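One structure is given here, and the rest of the page talks about it.
The values are calculated or read from the model by the stated rules, or taken from the named source; none is laboratory data. Just so it is clear, the model here is predicted, and its values are computed rather than measured. Methodologically, a virtual Cβ is constructed for each residue, glycine included, from the backbone with ideal geometry; neighbour enumeration extends over all protein chains shown.
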Amino acid sequence: MPSDPDKVFPTGLTVGQAEELHSYLINGTRSFFMISALAHILAYILTPWLK
Amino acid sequence: MNRTSQRLMRGWLSLGPRFLPFADAASREVPLSRLLRLSMFQLSVGMALVLLVGTLNRVMIVELGVPASLVAIMLALPVLAAPFRALVGFRSDTHKSLLGWRRVPFIWMGTMTQFGGLAIMPFALLVLAGAGESGNAPLWIGHAAAALAFLLVGAGLHTVQTVGLALATDIAPEDKQPQVVGLMYVMLLVGMVGSALVFGWLLQDFNPGKLVQVIQGAAVLTIILNIISLWQQEPRNPDATRFDRRIPSFAESWNAFLADGPALRRLVVLGAGSIGFAMQDVLLEPFGGEVLKLSVASTTWLTATLAFGGLLGFATASRILGRGGDAFRMAAMGAAVGIPGFLMIAAAAPLFAPMLLSAGALVVGIGGGLFGHGTLTATMRHAPREQIGMALGAWGAVQATAAGLGMAAGGVMRDVMNSAAPVLGRATGYLLVYGIEVLLLLATLLAMWPLLRHGEPPVRNAAPAE
């Protein structure tokens, strides 16, 4: 697919706008993984598994 | 950007707009049903608030055996995040975005923050209490984790509420603002009362596994409710979020906001009145139990009466303000109604009259409802078009900080007075607090006087976002 920054796709979004929407999703996913890592560490302190 | 990201991004481009979280081109007429859906974020905020001030307060002390002083410090942390609401509102007003969004990204971040805090909270609390094998871990881990969890929940709920109210102000037509404020308050109350009942019921026979399930369930519910609430609500307006526009500094913007007529006086009035109404919040039930010897069932009934009074207040204020009443007159009326309410509650002790106490709780509830509705509606009406987020952030910062401080001060004052000089027995501390509340509401009325005489300046944010 050619990437023309001003091309408007069927959604009505340009490439830049889709990138921005995507960045929100990626940030959400990153924070989700950080949270779950922290929760796992605490859960491990509470009841260590694989022991 | 790596290949997976690139492919996903292409996916967004080819999806139909139906599946994207934008509102269709701004229609001038936003139906009340859509505003009702928007107000659902208040359910998750109410749920988090109840968890913090009610459920966990008890669970940590009674079931987990954490020292009361440590619990008090932990529960104070979310209030510390409240003053930052003005800053969050400002950042939302000045957000740069190609999409033309400035509210949704913040509500989304706030939702994730609240979710994160709730997700780690049960483990943090159990480690704090030294449950399971966590007794072997260093003590600071439990403290740090619990503090982080409470801070995250506080920061998240303040962000969601501030920016959510700003979004409501953006899209609600001028004449529907009073109804929107009413909806927001009713939803908050429903969220608080409903989740208090559900949490109490679920945690009846307490065990650590249940605690994890309940709090993490609340975390998931937060995400679900907030996504339903903000889906396709904010119209895109890339012109208002251009990258090349001049962004004022926070100090500049804040000074401009305060320079606008009686803005500072409004905030002072709001703070004094909020403390006045909040100090009795945690005292009503112990007052009924300790001084009037009411059973637990009857004191729970008192809280329900207070909440019902609040509903009556919101309904009355919505109706009168919807017909074009003056919002500040409504807030003043609330303070004026609250004064006899507190006098009735205080008089119930020497007269030993539980009925008078219930009636007083109802009247205080009505007064608090009128006051809260009046001040929020006034804030929405006066908010400068470009500073809606900051105006509602300032309202929320003052209101939430005052409520938190008021609640803490009420409890401390009662304890200190009762142990230092119990001249009237167990009632002394309570009567002192009720007396101070009456004085604060009188001060609020006095400070409000100039606001009433000037009347309302012409409304500035008449046109909804294009």
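Which numbered condition in (1) at pLDDT 90 or above; (2) among the aliphatic types (A, V, I, L, M); (3) farther than 16 Å from B:ALA168 by Cβ is the only one that B:MET1 fails?
Of (1) at pLDDT 90 or above; (2) among the aliphatic types (A, V, I, L, M); (3) farther than 16 Å from B:ALA168 by Cβ, only one is false for B:MET1: (1).
Looking at B:ALA219, B:ALA155, can you tell me which residue is assigned to a helix (DSSP H, G or I) and within 12 Å of another protein chain (Cβ to nearest Cβ)?
Details: B:ALA155 fails: within 12 Å of another protein chain (Cβ to nearest Cβ).
None of the other options fit; the residue is B:ALA219.
Answer yes or no as to whether B:ARG37 is in contact with a helix residue (DSSP H, G or I) (Cβ under 7 Å, 6 or more places away or on another chain), of a type in the set (D, E, K, R), surrounded by fewer than 20 Cβ atoms within 10 Å (Cβ to Cβ) and at pLDDT 90 or above.
It is true that B:ARG37 is in contact with a helix residue (DSSP H, G or I) (Cβ under 7 Å, 6 or more places away or on another chain), of a type in the set (D, E, K, R), surrounded by fewer than 20 Cβ atoms within 10 Å (Cβ to Cβ) and at pLDDT 90 or above.
Please work out which residue is nearest to B:PHE243 (Cα to Cα), limiting yourself to the range A:37-51 and to residues that are part of a helix (DSSP H, G or I) and more than 7 Å from every other protein chain (Cβ to nearest Cβ). Talk me through it step by step, then tell me what you get.
First, pick out the residues of the range A:37-51 that are part of a helix (DSSP H, G or I): A:37-46.
If we keep only those that are more than 7 Å from every other protein chain (Cβ to nearest Cβ) as well, we get A:37, A:40-41, A:44.
Working: A:ALA37: 35, A:HIS40: 40, A:ILE41: 40, A:TYR44: 45 Å.
Within the range A:37-51, the match that is nearest to B:PHE243 (Cα to Cα) is A:ALA37.
Return the total of residues in the range B:115-147 being within 8 Å of chain A (Cβ to nearest Cβ), part of a helix (DSSP H, G or I) and more than 20 Å from the chain's Cα centre (by Cα). Step through it out loud before you land on a result.
Within the range B:115-147, the subset within 8 Å of chain A (Cβ to nearest Cβ) is B:115-116, B:119-120, B:123-124, B:126-127, B:131-134, B:137, B:141, B:145.
Still in the list and also part of a helix (DSSP H, G or I): B:115-116, B:119-120, B:123-124, B:126-127, B:134, B:141, B:145.
Within this subset, residues satisfying the condition of being more than 20 Å from the chain's Cα centre (by Cα) are B:119-120, B:123-124, B:126-127, B:134, B:141, B:145.
Qualifying residue count for the region: 9.
Looking at the range B:89-111, which of its residues are of a type in the set (Gly, Ala, Ser) and away from every other protein chain (no Cβ under 11 Å)? Write out each step before concluding.
First, pick out the residues of the range B:89-111 that are of a type in the set (Gly, Ala, Ser): B:89, B:92, B:97, B:100, B:110.
The answer is B:GLY89, B:SER92, B:GLY110.
Return yes or no: is B:GLN179 away from every other protein chain (no Cβ under 14 Å) and surrounded by fewer than 22 Cβ atoms within 10 Å (Cβ to Cβ)? Full working, then the answer.
Details: away from every other protein chain (no Cβ under 14 Å): yes; surrounded by fewer than 22 Cβ atoms within 10 Å (Cβ to Cβ): yes.
Yes: the conditions hold for B:GLN179.
Has the range B:135-142 got any residue that is surrounded by fewer than 23 Cβ atoms within 10 Å (Cβ to Cβ), touching a Pro at 6+ places or on another chain (Cβ under 8 Å) and either farther than 30 Å from B:PHE243 by Cα or not assigned by TED's automatic domain parsing to the domain that holds B:ILE223 (or both)? First the steps, then the outcome.
Looking only at the range B:135-142, we keep the residues that are surrounded by fewer than 23 Cβ atoms within 10 Å (Cβ to Cβ), and these are B:135-141.
Filter again for touching a Pro at 6+ places or on another chain (Cβ under 8 Å), leaving none.
There is no residue in the range B:135-142 that is surrounded by fewer than 23 Cβ atoms within 10 Å (Cβ to Cβ), touching a Pro at 6+ places or on another chain (Cβ under 8 Å) and either farther than 30 Å from B:PHE243 by Cα or not assigned by TED's automatic domain parsing to the domain that holds B:ILE223 (or both).
Give the number of residues within the range A:1-36 that are of a type in the set (Phe, Trp, Tyr), part of a helix (DSSP H, G or I) and at pLDDT below 90. Give the steps one after another, and end with the answer.
We begin by selecting, within the range A:1-36, every residue of a type in the set (Phe, Trp, Tyr); these are A:9, A:24, A:32-33.
Those still in the list that are part of a helix (DSSP H, G or I) too: A:24, A:32-33.
When the remaining residues are screened for being at pLDDT below 90, the result is A:24.
Within the range A:1-36, residues that are of a type in the set (Phe, Trp, Tyr), part of a helix (DSSP H, G or I) and at pLDDT below 90 number 1.
For B:ILE73, all conditions in the list (1) touching a residue at least 40 places away in the same chain (Cβ under 8 Å); (2) under 20 Å from the mean Cα position of the chain (by Cα) hold save one; what is the number of the exception?
(1)
Pick from B:ASP281, B:ASP205, B:ASP244: which is out of contact with any Asp or Glu (no Cβ under 6 Å at 6 or more places or on another chain), among the charged types (D, E, K, R) and surrounded by 15 or more Cβ atoms within 10 Å (Cβ to Cβ)?
Sole residue among the options that is out of contact with any Asp or Glu (no Cβ under 6 Å at 6 or more places or on another chain), among the charged types (D, E, K, R) and surrounded by 15 or more Cβ atoms within 10 Å (Cβ to Cβ): B:ASP281.
Given the options B:MET47, B:MET60, name the one that is within 30 Å of B:ASP205 (Cβ to Cβ), modelled with pLDDT of 90 or more and not basic (Lys, Arg). It would help to see each step written out before you state the result.
Values: B:MET60 fails: modelled with pLDDT of 90 or more.
The unique qualifying residue is B:MET47.
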